[in-house]
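Have a look at the structure below before the remarks.
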Amino acid sequence: MPKYRWKQGDFKSVDKDHNDMWHIQGTKEGGLATGIATKEQEQDYIFQVFGIPVERD
């Protein structure tokens, strides 16, 4: 169950967990994960979607 793995900091299958939830919710189009984003990709997404700049290491 994802919530226990995530609570322990284990996100190695977050893409599969995302897609499982997507299907459970009945979503039919788009939004499926094709892999796990890098830290840089996550930061770019946050900026593009929410307009929040994220400091880079």
Degrees, to the nearest 10: 14-24 long Cα axis against longest axis of the chain
50
Under 19 Å Cα-Cα from LYS16, which aspartates and glutamates qualify once same-chain neighbours fewer than 8 residues away are excluded?
GLU29, GLU42
Here the net charge surrounding ALA37, from other residues whose Cβ is less than 12 Å away from its Cβ (Lys, Arg +1; Asp, Glu -1), is -3
For the chain, longest principal axis from Cα atoms; helix 39-50 axis from its Cα atoms; angle between them, nearest 10 degrees, is 90
Once Rh is set to the Kirkwood radius over Cα pairs, what Stokes-Einstein translational diffusion coefficient, in µm²/s, holds for the chain at a temperature of 4 °C and a viscosity of 1.567 mPa s?
99
Heavy-atom accessible area per residue of the chain, all protein chains kept, 1.4 Å probe, expressed in Å², is 90
7 Å from Cα along Cα→Cβ at both VAL54 and TRP6: what's the point-to-point distance in nm?
1.6
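The values are calculated or read from the model by the stated rules, or taken from the named source; none is laboratory data. What you see is a predicted model, and the numbers here were worked out from it, not measured in a lab. We place every Cβ from the backbone using ideal geometry, glycine too, and count neighbours over all the protein chains shown. What goes into the accessible areas is simple: the full protein's heavy atoms, side chains included, and nothing from ligands, DNA or RNA. Shrake-Rupley method; radii C 1.70, N 1.55, O 1.52, S 1.80 Å.
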